[in-house]
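The block underneath contains the structure these notes are about, expressed in structure tokens.
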Amino acid sequence: MRLAVFALGALLLGPLAGRAAAAPFVGGTTVWRVQTEGSFTKGELEGVVVSSSGEVALGMKLTKLATEEIGVWSSCVTADGAAYFGTGNHGKILRLEGEGLKTLLEGKDLVVACLAVAPDGKEVYAGTIPEGRVLKISPDGTVADLATLSTPDVGVYVWSLAVGPDGTVYAGTGEEGKVFKIGADGKAEVLYDCKDDHVLSLAVAPDGSLYAGTTFEGILYRIGPDGKATVTVDFVENEVRSLHVAPPYLYLGVNKSKKFKPKTFVQRLKRSVEKTGEGGPEERSPFQELFDGSVYRLHLETGGLEKLYEFAKTYVIDVKGDRDGNALVATGDEGRVYRVRPDGTYFTLIDFNENQAMTLTVAKGGLAFLGTGNSGSVYRVDGERAGRGVYTSEVLDAKFRSRWGVLEWLGEGSIGWQTRSGNTQVPDDLWSAWSPAAEGRTLAVPSPPGRFFQFRAVFEKDPAAVLRSVQVAYLAENQRPKVSEFTVNAGNLDGAYRGEPPTSREIEFDWKAEDTDGDPLLFDVFWRREDGGAWIKANRDAPIDKKKWKLDGAGLPDGWYTFKVEASDRGNNPSDRALKYEKVSEPVLVDNRKPEVTALKVEAGGSFTISGLAEDSFSSVARLEYALDGGLWKVLEPLDALCDRPREEFRFHIDDLGAGTHSLAVRAFDARGNVGVSEVTFTSNR
């Protein structure tokens with residue numbers, strides 16, 4: 001039943017549980033499983049319910065009655081079965097007559113926020129926002145003002161109403177958090193000042209005690225007819241949104257919420273009406289800041305309080321108790337109604353198209369009517385079990401074009417199955433049509449290949465059918481791996497020009513690689529000489545399963561080389577589906593032989609002249625140094641002053657040598673950092 005509709009906006013800020021799992025297997029096959037409450041409720045529920053244990057079955061039979069309003073805020077049923085509804089944004093009071101809704105009043109207020117039935121079960125009272133009026137509705141449909149709580153100086157919002165055994169009307173209000181009592185003559189007086197911002201909820205117990213729930217302190221008060229009050233519960237949550245008495249219990253819907261300003265809330269409603277004229281969509285929800293709701297149950301005699309369930313990131317709007325001790329819970333944004341059992345388990349009873357389930361009405365101990373927001377509709381419950389129900393899964397995104405295999409399911413009874421597929425995230429006319437319904441525990445999916453997929457389960461032939469688990473196998477088209485970076489470190493060439501010897505003969509390879517469909521990758525490293533030739537595999541013994549590797553460069557002849565790394569997903573795909581990707585390095589120098597210093601001689605004259613030749617078999621001579629008598633090494637220049645050739649001649653002079661025998665050493669570095677040394681001994685007579 002889920003449609004994309006926007007009016008009052010989002011109340012629910014997150015899902016109850018995670019997405020359905022898609023588990024890959026070796027060979028590329030993936031199985032998509034839907035088998036928990038969290039995964040089932042990501043789909044659409046039409047006439048089916050989902051339990052907290054992850055079971056899907058036929059749900060309630062509903063009849064929808066549209067209102068042309070943004071929201072149905074309040075509802076009630078009189079003793080003779082007459083159903084009333086209060087709306088916004090045009091503040092209408094509606095009554096169900098036959099199969100239609102009759103407008104009894106369309107006033108100057110934006111919202112009829114609350115309705116309450118008199119003890120005689122005939123008359124109904126309504127409270128409004130923002131004018132703060134309390135209205136009386138007679139059985140014949142006449143609507144009259146009972147009291148106006150707002151004054152020229154102080155605006156009052158009537159959030160809640162309750163009627164005592166003696167007919168006294170109680171009104172819970174904001175922004176000053178006061179509870180008013182109103183007599184039959186319309187005279188209103190403050191019964192109790194809660195010293196909080198708003199009294200959102202009221203309920204009268206069988207003994208005549210009045211319970212009041214507030215925001216933003218989140219306090220539940222018990223107020224006597226004389227106006228004396230006690231605190232029954234000071235909640236950790238800061239909003240007591242809903243109260244309902246179903247003896248021997250008081251049911252409570254509470255929320256953790258950020259503080260919002262009621263005036264801003266009303267201004268948004270006004271802007272919505274002015275913008276659309278007919279109460280159309282509003283861009284932002286007045287309740288957008290509210291989140292995290294819980295359901296409690298208070299025993300009216302013992303005072304025992306128990307939390308039945310906490311809905312993470314879900315706003316609880318209304319709560320009612322039924323004849324079996326269950327809590328019926330209306331929530332926001334995803335428009336769902338839950339039945340929470342005393343043991344904390346629950347069913348997702350209804351998943352509305354509309355974004356908010358705003359009001360629930362119980363008659364004779366069972367759910368009778370529901371009102372929604374965004375857009376406003378009334379639903380009548382026509383039976384505990386629908387004659388037909390459909391569960392439609394969320395859209396599976398297989399990430400890539402896929403072939404669909406077998407659908408299998410676990411459960412009981414007979415269920416019809418249909419599937420469809422397409423290549424857009426939101427199903428449209430370009431998707432395949434729903435396949436004809438088929439039955440069986442294992443079914444071959446007839447839908448054509450595509451990226452996106454849906455299934456639906458049709459509950460029709462077997463009223464007792466139960467669905468617990470569904471799985472669909474699929475095979476995505478294999479995606480080519482990618483190598484984004486490839487680095488080869490064969491030594492620090494710049495270091496050779498600074499006279500730093502090589503630290504290792506190993507050539508180190510590092511790369512970054514990924515596979516978009518998650519296949520594990522295997523790698524191979526290849527080399528070839530820069531002057532051409534075939535690629536030669538370096539890791540002959542085994543593939544590489546890491547993103548780094550080392551090669552002993554001493555086994556390669558001197559020269560310039562190009563290396564490449566090849567990534568392959570062959571470990572997870574058959575040979576006819578495996579794909580690979582390669583990346584080639586820049587040229588890399590491999591030079592293992594040291595240069596030679598030859599023709600080294602010393603000539604005497606005005607000073608000593610030393611000359612010689614430094615020569616490397618392959619790379620350039622990168623640096624020349626000399627040391628006299630074992631002293632410090634000093635840099636010397638070749639004849640042309642540039643170290644940039646494999647063959648460099650040098651000549652330099654030494655003055656002021658003392659008499660005696662001297663030793664002179666000259667060393668040469670090549671571009672790879674290899675060092676060659678030669679030494680000569682000579683005598684000075686000076």
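The values are calculated or read from the model by the stated rules, or taken from the named source; none is laboratory data. Only a predicted model underlies this, so the values are computations on that prediction, with no experimental measurement involved. FYI the Cβ positions are ideal-geometry reconstructions off the backbone, even for glycines, and counts take in every protein chain you see. SASA here: full protein model, heavy atoms, side chains in, ligands and nucleic acids out. Shrake-Rupley method; radii C 1.70, N 1.55, O 1.52, S 1.80 Å.
Only one of Thr78, Thr87, Thr67, Thr103 is open to solvent by 30 Å² or more (accessible area, probe 1.4 Å) and polar (S, T, N, Q). Can you tell me which?
Thr103 is the lone residue from the list that is open to solvent by 30 Å² or more (accessible area, probe 1.4 Å) and polar (S, T, N, Q).
Return the pairs, sorted by first residue and then second, in which the second residue is exposed (fewer than 15 other Cβ atoms within 10 Å of the Cβ), the first residue lies in the range 142-157 and is under 18 Å from Leu115 (Cα atoms), the beta carbons are less than 6 Å apart, and the residues are 6+ apart or on different chains.
Filtered contacts from the range 142-157: Leu146/Gly186; Ala147/Gly186.
Starting from residues that are polar (S, T, N, Q) and open to solvent by 20 Å² or more (accessible area, probe 1.4 Å), keep the ones in the range 108-144 and report whichever is farthest from Val163 (Cα to Cα).
Thr142
Within the range 229-240, take every residue that is modelled with pLDDT under 95 and open to solvent by 20 Å² or more (accessible area, probe 1.4 Å) and give me the one that is nearest to Leu191 (Cα to Cα).
Residue satisfying both the conditions and the ranking: Asn238.
Inspect the range 290-302 for any residue being of a type outside the set (D, E, K, R), at pLDDT below 85 and crowded, with 16+ Cβ neighbours inside 10 Å and give the result as yes or no.
Yes: the range 290-302 contains one or more residues that are of a type outside the set (D, E, K, R), at pLDDT below 85 and crowded, with 16+ Cβ neighbours inside 10 Å.
Just give me the residues in the range 666-686 being under 16 Å from Thr598 (Cβ atoms) and open to solvent by 20 Å² or more (accessible area, probe 1.4 Å), in sequence order.
Arg667, Val675, Val677, Ser678, Glu679, Val680 - these are the residues of the range 666-686 that are under 16 Å from Thr598 (Cβ atoms) and open to solvent by 20 Å² or more (accessible area, probe 1.4 Å).
Filter the range 553-566 down to residues that are among the acidic types (Asp, Glu) and within 48 Å of the chain's Cα centre (by Cα), then give me how many there are.
So the answer is 1.
Of the numbered conditions (1) more than 19 Å from Arg241 (Cβ to Cβ); (2) of a type outside the set (Asp, Glu); (3) at pLDDT below 95; (4) touching a strand residue (DSSP E or B) at 6+ places or on another chain (Cβ under 9 Å), Ile93 satisfies every one except a single condition; which is it?
(3)
Against the condition open to solvent by 20 Å² or more (accessible area, probe 1.4 Å), modelled with pLDDT under 90 and under 24 Å from Thr314 (Cβ atoms), how does Ala21 come out, does it pass? Quick ask: steps written out before the conclusion?
On the way: open to solvent by 20 Å² or more (accessible area, probe 1.4 Å): yes; modelled with pLDDT under 90: yes; under 24 Å from Thr314 (Cβ atoms): yes.
The answer is yes for Ala21.
Within the range 179-190, is there a residue that is crowded, with 16+ Cβ neighbours inside 10 Å, touching a His at 6+ places or on another chain (Cβ under 9 Å) and within 25 Å of Val154 (Cα to Cα)?
no
Filter the strands (runs of 3 or more DSSP E) completely within the range 536-637 down to those with at least 3 residues that are under 18 Å from Asp670 (Cα atoms) and not hydrophobic (A, V, I, L, M, F, W, C).
621-628
Under 7 Å between Cβ atoms, at least 6 apart or on separate chains: pull out the pairs that start in the range 183-200 with a residue that is under 25 Å from Val143 (Cβ atoms) and end on any residue that is open to solvent by less than 10 Å² (accessible area, probe 1.4 Å) and charged (D, E, K, R).
Note: pairs meeting the criteria are Leu200/Glu239.
Does at least one position in the range 654-663 carry a residue that is of a type outside the set (A, V, I, L, M), open to solvent by less than 80 Å² (accessible area, probe 1.4 Å), farther than 30 Å from Leu589 by Cα and not in a strand (DSSP E or B)?
Among the residues of the range 654-663, at least one is of a type outside the set (A, V, I, L, M), open to solvent by less than 80 Å² (accessible area, probe 1.4 Å), farther than 30 Å from Leu589 by Cα and not in a strand (DSSP E or B), which makes the answer yes.
Being touching an Asp or Glu at 6+ places or on another chain (Cβ under 6 Å) and open to solvent by less than 30 Å² (accessible area, probe 1.4 Å) is true for just one of Gly371, Gly376. Which residue is that?
Details: Gly371 fails: touching an Asp or Glu at 6+ places or on another chain (Cβ under 6 Å).
Gly376 is the lone residue from the list that is touching an Asp or Glu at 6+ places or on another chain (Cβ under 6 Å) and open to solvent by less than 30 Å² (accessible area, probe 1.4 Å).
Consider Gly54 carefully, then state whether it is open to solvent by less than 30 Å² (accessible area, probe 1.4 Å), touching a residue at least 40 places away in the same chain (Cβ under 8 Å) and within 17 Å of Leu370 (Cβ to Cβ).
No: the conditions fail for Gly54.
Just one of Ser585, Ser568, Ser620 is in contact with a strand residue (DSSP E or B) (Cβ under 8 Å, 6 or more places away or on another chain), buried (at least 19 other Cβ atoms within 10 Å of the Cβ) and either closer than 25 Å to Phe526 by Cβ or aromatic (Phe, Trp, Tyr) (or both); which is it?
Values: Ser585 fails: buried (at least 19 other Cβ atoms within 10 Å of the Cβ); Ser620 fails: either closer than 25 Å to Phe526 by Cβ or aromatic (Phe, Trp, Tyr) (or both).
Within the list Ser585, Ser568, Ser620, the selection yields Ser568.
Please go through (1) at pLDDT 95 or above; (2) within 17 Å of Ser74 (Cβ to Cβ) for Tyr192 and return the number of the only condition it doesn't satisfy.
Every listed condition holds for Tyr192 apart from (2).
Determine whether Asp226 is surrounded by fewer than 21 Cβ atoms within 10 Å (Cβ to Cβ) and part of a loop (DSSP other than H, G, I, E, B). So that I can check it myself, show each step before the final result.
Values: surrounded by fewer than 21 Cβ atoms within 10 Å (Cβ to Cβ): yes; part of a loop (DSSP other than H, G, I, E, B): yes.
Against the criterion (surrounded by fewer than 21 Cβ atoms within 10 Å (Cβ to Cβ) and part of a loop (DSSP other than H, G, I, E, B)), Asp226 qualifies.
Restricting attention to the range 145-162, which residues are open to solvent by less than 20 Å² (accessible area, probe 1.4 Å), over 11 Å from Arg133 (Cα atoms) and either over 40 Å from the mean Cα position of the chain (by Cα) or hydroxyl-bearing (Ser, Thr, Tyr) (or both)?
Ser160, Ala162
Please find, among Gly605, Gly559, Gly555, the residue that is of a type in the set (Gly, Ala, Ser) and surrounded by 12 or more Cβ atoms within 10 Å (Cβ to Cβ). Show your work before the answer.
Values: Gly605 fails: surrounded by 12 or more Cβ atoms within 10 Å (Cβ to Cβ); Gly555 fails: surrounded by 12 or more Cβ atoms within 10 Å (Cβ to Cβ).
From the options Gly605, Gly559, Gly555, the qualifying one is Gly559.
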